[in-house]
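Engineer: The structure that follows is given in the form of structure tokens.
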Amino acid sequence: MGKLLEVNNLSISFTQYVQGLNRHDTKVISDLTIDVGEGEIVAVLGSSGSGKSLLAHSILGILPYNSHVTGEIKYKGNILDQELKEKIRGKEICLIPQSVNFLDPLMKVSEQAIGECKDEKERDEKKVRQREIFSKYGLDESVDDLYPFELSGGMARKVLLSTALVGNPDLLIADEPTPGLDAKSVKETIDDIRNLKEQGKGVLLITHEIDVALKTADRIAIFYSGYVIEINNVDNFKNADNVLHPYTKALINSLPRNGFNLTEGVQPLEDLPGCPYWENCPIRLDKCKDNKPELVNHDGIMIRCFNFKGDNDGA
Amino acid sequence: MELKANNISFSYNKRRQILKDFSLSVDSNRIIGLMGDSGSGKSTLCKILAGYLTHYSGEVTLDGNKIPDRGFYPVQLIFQHPEKTMNPKWKMEKVLNESWTPPKELRDTFGLKDQWLTRWPNELSGGELQRFSILRAINPETKFIIADEISTMLDAVTQVQIWEKLINHAKANNIGILAVSHDPELLEVICDDILFFDEINNL
């Protein structure tokens with residue numbers, strides 16, 4: 001199965017001015033490696049405010065001017081540079097944004113879904129497709145002429161999803177699609193995302209809600225303090241014994257249904273010289289303090305921890 | 001002590017009523033869960049209990065007495081988004097000490113690092129900021145905490161840390177908690193009793 005998206009060693013930092021002319025570099029994403037195949041849903045799970053959304057923004061090429069990006073992003077085997085990003089975003093790669101605030105309040109929703117067109121012919125084609133997708137998600141013709149403020153929360157979410165699908169993309173990036181929704185809407189969103197997979201589309205799901213990741217994804221990447229520390233198959237997340245990283249184990253054990261177990265410690269503010277989890281780790285080694293483990297493939301599980309050897313190491 | 005809401009009715013405008021003859025009671029030393037869908041009016045009720053909204057009918061009482069609107073308000077509200085409750089131009093030390101000066105040992109219990117105090121609010125994560133919100137709210141004069149989806153935006157590990165510390169502190173200091181959430185699994189593990197919003201709202 002071909003990989004739709006490959007992200008290799010992506011790092012993102014920002015230069016900010018603090019107190020006058022002093023400049024300060026803040027690293028937000030460090031050495032991030034992840035891939036998404038066709039018909040596959042991969043979730044990136046990390047706490048809110050940890051910078052996961054920037055991954056989406058860098059794939060689409062919409063990071064602000066003061067950001068620095070290193071590493072490589074490939075789409076269908078081709079390097080995704082700014083030129084290619086601008087060419088295919090909104091067409092082959094689409095974003096399902098977090099909230100209704102991403103809709104233009106002064107534009108009818110059908111117009112927003114259709115977007116910019118070169119000529120009348122393209123417009124007519126897109127109009128047909130927009131109508132098709134809207135009806136598929138239960139939005140009838142009367143919705144076409146509504147403005148965003150006239151929509152309920154659930155309808156607005158369906159409009160956002162339909163808008164992303166009008167261009168018939170191969171890869172969708174869903175950025176926190178569920179917060180603030182009640183159980184029923186969350187379930188609908190989950191069903192919608194799973195349905196995209198059945199249509200053969202790849203989905204990169206960015207979320208902080210572990211339940212949403214567990215119910216939709218094929219693989220889950222755990223994002224901790226700017227690093228991906230483990231990428232594992234969703235089935236292994238049912239039991240803390242089947243995941244490798246101590247933080248991933250703590251995360252599973254802290255769920256209400258798994259005992260609501262307390263693990264002390266907070267994520268470090270600064271990029272440490274060693275492992276980001278060193279301070280709180282129950283199985284740390286001497287070398288973990290000053291050396292940074294790489295993300296390695298250990299029996300098909302990607303793991304960033306010195307306690308686990310990569311398949312290519314030694315032996 | 002007992003925090004009581006008696007026959008509260010409220011609407012923001014004439015078109016839609018949010019609360020109708022809503023009553024509930026929370027005992028200090030108990031943790032009561034309140035569950036409801038988004039948009040049902042949970043947050044509005046929280047604001048009424050904590051004294052943010054005053055143009056309602058019915059009454060909110062503490063041990064049968066109306067809560068005076070001067071001085072420290074004994075019912076403190078903790079919000080879902082801590083970043084929206086802090087002055088972005090204050091450093092965290094000033095933010096923390098806005099209500100009272102929490103002693104070092106309490107800061108340690110809640111896992112608050114000293115190095116965070118010199119930061120601005122936008123330099124900390126939601127989980128870190130929420131610890132500040134809780135410390136501010138547990139002023140010695142606080143009798144009740146209204147926790148409105150306080151761990152919804154946090155990761156599961158931080159969620160346990162925050163609830164465990166808050167509940168321990170509340171039990172030890174005879175503070176009652178009304179925990180509002182849409183997550184039944186969470187309420188199941190932290191609460192003594194769970195109320196369903198739609199069942200007690202007479203709309």
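Engineer: Among the numbered criteria (1) under 27 Å from B:Gly41 (Cβ atoms); (2) modelled with pLDDT of 90 or more; (3) surrounded by 18 or more Cβ atoms within 10 Å (Cβ to Cβ); (4) of a type outside the set (A, V, I, L, M, F, W, C), which one does A:Tyr147 miss?
Structural biologist: A:Tyr147 satisfies all of (1) under 27 Å from B:Gly41 (Cβ atoms); (2) modelled with pLDDT of 90 or more; (3) surrounded by 18 or more Cβ atoms within 10 Å (Cβ to Cβ); (4) of a type outside the set (A, V, I, L, M, F, W, C) except (3).
Engineer: Tell me which of these B:His169 doesn't satisfy, since it passes every other one: (1) modelled with pLDDT of 95 or more; (2) within 11 Å of chain A (Cβ to nearest Cβ).
Structural biologist: (2)
Engineer: Still on this model: Could you list, in sequence order, the residues of the range A:129-175 that are away from every other protein chain (no Cβ under 14 Å), assigned to a helix (DSSP H, G or I) and either within 22 Å of the chain's Cα centre (by Cα) or within 24 Å of A:Glu40 (Cβ to Cβ) (or both)?
Structural biologist: Of everything in the range A:129-175, those that are away from every other protein chain (no Cβ under 14 Å), assigned to a helix (DSSP H, G or I) and either within 22 Å of the chain's Cα centre (by Cα) or within 24 Å of A:Glu40 (Cβ to Cβ) (or both) turn out to be A:Ile133, A:Lys136, A:Lys158, A:Val159, A:Leu160, A:Leu161, A:Ser162, A:Thr163, A:Ala164, A:Leu165, A:Val166.
Engineer: Cβ-Cβ below 7 Å, separation at least six or inter-chain, first residue in the range B:174-189 and part of a loop (DSSP other than H, G, I, E, B), second polar (S, T, N, Q): which pairs?
Structural biologist: B:Asn174/B:Ser28; B:Asn174/B:Asn29; B:Ile175/B:Ser28; B:Ile175/B:Thr142; B:His182/B:Ser38
Engineer: Quick check on my filter: what residues within the range A:235-252 are in contact with a strand residue (DSSP E or B) (Cβ under 9 Å, 6 or more places away or on another chain) and either at the interface with another protein chain (Cβ under 9 Å from one of its Cβ atoms) or part of a loop (DSSP other than H, G, I, E, B) (or both)?
Structural biologist: A:Val243, A:Leu244, A:His245, A:Tyr247, A:Leu251
Engineer: While we're here: How many of the residues in the range A:261-301 are surrounded by 16 or more Cβ atoms within 10 Å (Cβ to Cβ), part of a strand (DSSP E or B) and free of Cβ contacts under 8 Å to residues at least 60 places away in the same chain?
Structural biologist: Number satisfying all stated conditions: 2.
Engineer: Only one of B:Lys4, B:Lys66, B:Lys42 is of a type in the set (Lys, Arg), at pLDDT 95 or above and touching a strand residue (DSSP E or B) at 6+ places or on another chain (Cβ under 8 Å); which?
Structural biologist: That would be B:Lys4, the only listed residue that is of a type in the set (Lys, Arg), at pLDDT 95 or above and touching a strand residue (DSSP E or B) at 6+ places or on another chain (Cβ under 8 Å).
Engineer: Further, regarding this structure: Filter the range B:78-96 for residues that are aromatic (Phe, Trp, Tyr) and surrounded by 15 or more Cβ atoms within 10 Å (Cβ to Cβ) and give the result.
Structural biologist: B:Phe79 - this is the single residue of the range B:78-96 that is aromatic (Phe, Trp, Tyr) and surrounded by 15 or more Cβ atoms within 10 Å (Cβ to Cβ).
Engineer: Scan A:Lys121, A:Lys108, A:Lys136, A:Lys87 and give me the residue that is in contact with an Asp or Glu (Cβ under 7 Å, 6 or more places away or on another chain), of a type in the set (D, E, K, R), surrounded by fewer than 17 Cβ atoms within 10 Å (Cβ to Cβ) and free of Cβ contacts under 8 Å to residues at least 40 places away in the same chain.
Structural biologist: A:Lys108
Engineer: Checking the conditions here, which among A:Gly61, A:Gly37, A:Gly46 is under 19 Å from A:Leu196 (Cα atoms) and either surrounded by 20 or more Cβ atoms within 10 Å (Cβ to Cβ) or under 15 Å from the mean Cα position of the chain (by Cα) (or both)?
Structural biologist: Result of the check over A:Gly61, A:Gly37, A:Gly46: A:Gly37.
Engineer: If you don't mind, there's one more thing I want to ask. Consider A:Asn232 carefully, then state whether it is part of a helix (DSSP H, G or I) and either surrounded by fewer than 23 Cβ atoms within 10 Å (Cβ to Cβ) or more than 22 Å from the chain's Cα centre (by Cα) (or both).
Structural biologist: Considered against the rule, which asks whether it is part of a helix (DSSP H, G or I) and either surrounded by fewer than 23 Cβ atoms within 10 Å (Cβ to Cβ) or more than 22 Å from the chain's Cα centre (by Cα) (or both), A:Asn232 comes out as no.
Engineer: Assess whether A:Leu255 counts as being more than 20 Å from the chain's Cα centre (by Cα) and more than 10 Å from chain B (Cβ to nearest Cβ).
Structural biologist: When the stated conditions are applied, A:Leu255 does not pass them.
Engineer: Exactly one of (1) within 18 Å of B:Phe72 (Cβ to Cβ); (2) hydrophobic (A, V, I, L, M, F, W, C); (3) within 11 Å of chain A (Cβ to nearest Cβ) is unmet by B:Trp163. Its number?
Structural biologist: Failed condition: (1).
Engineer: Please work out which one of (1) farther than 27 Å from A:Ile252 by Cα; (2) surrounded by 20 or more Cβ atoms within 10 Å (Cβ to Cβ) is the condition B:Glu128 fails and give its number.
Structural biologist: Failing condition for B:Glu128: (1).
Engineer: Can you tell me which residue in the range A:102-121 is nearest to A:Leu161 (Cα to Cα), limited to those that are more than 19 Å from the chain's Cα centre (by Cα) and not in a loop (DSSP other than H, G, I, E, B)?
Structural biologist: Filtering first and then ranking leaves A:Ala113.
Engineer: Turning to a different aspect of this structure: Quick check: anything in the range B:132-148 at the interface with chain A (Cβ under 10 Å from one of its Cβ atoms) and either touching a Lys or Arg at 6+ places or on another chain (Cβ under 9 Å) or buried (at least 16 other Cβ atoms within 10 Å of the Cβ) (or both)?
Structural biologist: Looking for residues that are at the interface with chain A (Cβ under 10 Å from one of its Cβ atoms) and either touching a Lys or Arg at 6+ places or on another chain (Cβ under 9 Å) or buried (at least 16 other Cβ atoms within 10 Å of the Cβ) (or both), one finds none in the range B:132-148, hence no.
Engineer: Which residue pairs have Cβ atoms closer than 7 Å, lie 6 or more positions apart in sequence or on different chains, and pair a first residue in the range B:18-29 that is basic (Lys, Arg) with a second residue that is outside any strand (DSSP E or B)?
Structural biologist: Close Cβ pairs satisfying both conditions: B:Lys20/B:Asn201; B:Lys20/B:Asn202; B:Lys20/B:Leu203.
Engineer: Quick one: which strands (runs of 3 or more DSSP E) lie wholly within the range A:3-61 and hold at least 2 residues that are at pLDDT 80 or above and of a type in the set (Lys, Arg)?
Structural biologist: Hits in the range A:3-61: A:22-37.
The values are calculated or read from the model by the stated rules, or taken from the named source; none is laboratory data. What you see is a predicted model; the values in this text were computed from it and never measured. Please note: Cβ atoms are built from the backbone with ideal geometry, for glycine as well, and neighbour counts cover all protein chains shown.
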